[in-house]
Amino acid sequence: MGLLTHQIRTGILFSLALAFIVMTAIALYADVPHMLGALANFRWAYLPLILGLTLFNYLCRFFKWQYYLKRLAVKISWMKSLLIFVSGLSMAITPGKVGELLKSYLLKRVTGEAISRTSPVIVAERLSDGLAMLLLAATGLVLYRFGWELLLAFLVAGLAGVMLIQNRRLALVLLSFGERLPFVARIAGLIRTFYESSYTLLQWWPLLLAVSIGFISWSGECAALYFIFIGFGIAPGPDLFIKATFILSVSSLIGSASGLPGGLGTADGSMLGLSRLLVTTSATLGGAATLLVRLCTLWFGLALGVIALLVFRSLSPPGFLTQHTDISGGQVDGGEEQEQKTNSVSALPENEAQRGLQAAPAPVGTGDKAV
């Protein structure tokens with residue numbers, strides 16, 4: 001089966017159509033002639049700095065990706081890991097970012113690691129990024145007292161999920177109960193593998209480190225929005241930076257919560273509305289700033305992802321990316337399942353092993369659908 005399923009292709013086409021509709025709607029709302037005039041007067045000398053801040057975000061997130069792979073004892077060269085990480089940006093506009101499983105798929109092709117074992121890295125990335133965004137929004141939340149109910153709900157949901165995963169005895173009881181259900185038993189091994197990796201990645205110290213990296217990395221994109229505002233002639237200052245940070249972090253959280261591809265519509269609308277509320281009453285400047293920051297973040301990242309994926313493909317043997325693979329990590333060379341069992345146990349912290357809470361072995365013969 002090809003790398004992209006029919007469903008993902010359909011999702012990408014839908015996302016592109018939605019992106020066109022959203023960008024057209026913002027342009028019309030901002031008054032196209034006036035918006036074009038604002039863009040013509042933009043200080044384009046800031047553009048390299050804005051793109052550089054976006055790259056800074058991606059670089060920091062790559063370090064977090066590497067840290068997570070190290071936590072799971074996944075061995076891969078830095079260059080291949082970087083290409084895989086950046087390739088994942090090409091899937092930013094898939095619905096719910098499900099296309100980011102591409103990174104686990106490529107890891108499977110390169111290292112043989114089961115997708116069910118490495119996909120929790122993507123979950124941990126999203127969770128730590130979300131918590132970092134909440135911290136970035138905190139200052140503006142105190143100053144403007146806007147949307148605190150929604151942000152509190154995000155915080156409670158995220159921490160509740162982490163606490164459930166870290167309550168190992170309860171989690172294993174729930175897993176054991178689920179294995180007795182006919183529709184769960186078939187994928188019980190995959191769920192256990194997924195849980196073991198999640199437990200390793202979302203322990204409190206690794207989570208704290210990941211959130212700290214996320215706070216630093218996403219500050220780069222907040223600064224990018226700050227310089228976009230300045231480029232449109234808005235007076236610089238600490239107050240503007242706090243507002244830019246609040247606007248980008250809150251709109252990104254709303255976009256992520258919507259599940260829409262790339263937060264299209266929801267993130268854009270939130271950013272436009274908050275910009276008019278906090279920075280400028282001009283629909284023209286708000287719309288132009290929204291379009292420009294999305295071009296310099298979401299679409300810039302997507303373009304880098306496509307380039308990285310093409311480079312990765314060119315460096316791979318013919319047919320390397322289109323071979324069939326099991327998400328479960330079914331036997332490829334006759335020994336991967338045993339290796340998966342060993343990795344699941346070895347990834348546990350030492351004190352967990354001492355308490356006799358090792359991972360249960362995955363049943364032989366379970367498998368997911370191919371990506």
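Fewest to most neighbouring Cβ within 10 Å: what's the order for Val22, Val306?
Working: Val22 22, Val306 15.
Going from sparsest to densest Cβ surroundings: Val306, Val22.
Going by how many other beta carbons lie within 10 Å of each one, how would you line up Ile254, Ile76, Ile115, Ile247, fewest first?
Working: Ile254 20, Ile76 16, Ile115 24, Ile247 29.
Least to most surrounded, the residues fall as Ile76, Ile254, Ile115, Ile247.
Going by the alpha-carbon gyration tensor, a ≥ b ≥ c the square roots of its eigenvalues, is region 8-156 rounded (a/c under 1.5) or, if a/c is not under 1.5, prolate (a/b greater than b/c) versus oblate?
Numbers: a/c = 1.81, a/b = 1.49, b/c = 1.22.
Prolate shape, in that a/c is at least 1.5 and a/b is the bigger ratio.
Per residue, how big is the convex hull around the C-alpha atoms of region 241-297? Give it to me in cubic angstrom, could you?
Details: hull volume 3.8 nm³, N = 57.
Normalising the Cα hull of region 241-297 by residue number yields 66 Å³.
Sorting Thr245, Thr266 on the 10 Å Cβ count, fewest up front, what's the list?
The order, fewest Cβ neighbours first, is Thr266, Thr245.
Around Leu209, under 11 Å between beta carbons, what's the net of Lys plus Arg minus Asp minus Glu among the other residues? Working shown, then result.
Working: positive: Lys64, Arg71; negative: none.
Charge balance in the 11 Å sphere: +2.
Taking θ = phi - 60°, what integer Hz values does the Karplus form 6.51 cos²θ - 1.76 cosθ + 1.60 yield along region 51-63, in sequence order, with x for Gly and Pro?
Listing the rounded values in order: 5, x, 5, 5, 5, 4, 4, 5, 5, 5, 5, 5, 4 Hz.
Taking the highest mean first, how do the peptides 102-108, 68-74, 117-123 order by number of other beta carbon atoms within 10 angstrom per residue?
On the way: 102-108: 24.4, 68-74: 17.6, 117-123: 22.9.
Peptide ranking by packing, descending: 102-108, 117-123, 68-74.
Where does the charge balance sit around Val279 when Lys and Arg score +1, Asp and Glu -1, over other residues with C-beta under 14 Å from its C-beta? Walk me through the numbers on the way to the answer.
Numbers: positive: Lys243, Arg276; negative: Asp239.
So the surrounding residues net to +1.
Provide the net charge surrounding Arg61, with neighbours chosen by a C-beta distance below 13 Å and charges set as Lys +1, Arg +1, Asp -1, Glu -1. Don't jump to the answer; show the numbers that get you there.
Working: positive: Lys64, Lys103, Arg126; negative: Glu100, Glu125, Asp129, Glu221.
Its environment carries a net charge of -1.
From the phi of every residue in region 27-40, what ³J(HN,Hα) in whole Hz does the Karplus formula 6.51 cos²θ - 1.76 cosθ + 1.60 yield, where θ is phi - 60° and glycine or proline is x?
Couplings: 5, 5, 5, 7, 6, 3, x, 5, 5, 4, x, 5, 5, 5 Hz.
Could you derive backbone 3J(HN,Hα) for region 207-212 from the dihedral phi with the Karplus parameters 6.51, -1.76 and 1.60 (θ = phi - 60°), listing whole Hz in sequence and x where the residue is Gly or Pro?
Residue by residue, region 207-212 yields 5, 4, 5, 5, 5, 4 Hz.
At 0.36 nm per residue, and after removing the present C-alpha to C-alpha distance, how many nm does the segment from Thr281 to Arg186 gain when stretched out fully?
Details: separation 95, 0.36 × 95 = 34.20 nm, distance 5.62 nm.
Once the chain is fully extended between Thr281 and Arg186, it gains 28.6 nm.
How much length is gained on full extension from Ile216 to Phe177, taking 0.36 nm per residue of separation minus their Cα-Cα distance? Let's see the in-between values first.
Details: separation 39, 0.36 × 39 = 14.04 nm, distance 4.05 nm.
Net length gain for the segment: 10.0 nm.
Hey, can you rank 45-57, 164-176, 131-143, 223-235 by average C-beta count inside 10 Å, highest first? The partial results should precede the final answer.
On the way: 45-57: 16.1, 164-176: 13.9, 131-143: 19.2, 223-235: 20.7.
Those peptides, ordered most packed to least, come out 223-235, 131-143, 45-57, 164-176.
When only alpha-carbon atoms are used, what values of Rg and Dmax, in angstrom, describe region 6-354?
Calculated on Cα positions, Rg and Dmax stand at 21.4, 69 Å.
Since every read-out is calculated from the coordinates, none of them should be taken as a lab result. Everything numeric in this text was worked out from a predicted model, so none of it was measured. Neighbour counts are summed over all protein chains in view; Cβ atoms, including those assigned to glycine, are modelled from backbone coordinates with ideal geometry.
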